[in-house]
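A quick write-up on the structure given underneath.
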Amino acid sequence: MQEPTVEQAKELFRVCYQLTNMYCSIHLLRLDETTNRIYILAGQETQLEILANGKVRYL
């Protein structure tokens, strides 16, 4: 089992904090072990991924 990088973990906390502050529910949170990216599905339309270097990309 692969773990997120330190940068990903910090960014994940920040993103989840911001989403819940906006009363946006988080429906799916997954670390894709093949690409080492974290995927988040929140609210009705918010989709994003956190790359291994901690950069956030909105989809």
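A few remarks follow.
- Yes/no for LEU28 being touching a Phe, Trp or Tyr at 6+ places or on another chain (Cβ under 8 Å) and either loosely packed, with under 11 Cβ neighbours inside 10 Å or modelled with pLDDT under 95 (or both): yes
- Scan of region 21-31 for residues that are of a type outside the set (A, V, I, L, M, F, W, C) and not in a loop (DSSP other than H, G, I, E, B), ordered by number: ASN21, HIS27, ARG30
- When every residue of region 4-20 is checked against the conditions, none turns out to be without any contact (Cβ under 8 Å) to a residue 60 or more places away in the chain, exposed (fewer than 11 other Cβ atoms within 10 Å of the Cβ), assigned to a loop (DSSP other than H, G, I, E, B) and at negative phi.
- Of all residues in region 32-59 being over 19 Å from THR20 (Cβ atoms), assigned to a loop (DSSP other than H, G, I, E, B) and not polar (S, T, N, Q), the one that is farthest from the chain's Cα centre (by Cα): GLU33
The values are calculated or read from the model by the stated rules, or taken from the named source; none is laboratory data. In this text the structure is predicted, and so the values were computed from the model without any measurement. Methodologically, a virtual Cβ is constructed for each residue, glycine included, from the backbone with ideal geometry; neighbour enumeration extends over all protein chains shown.
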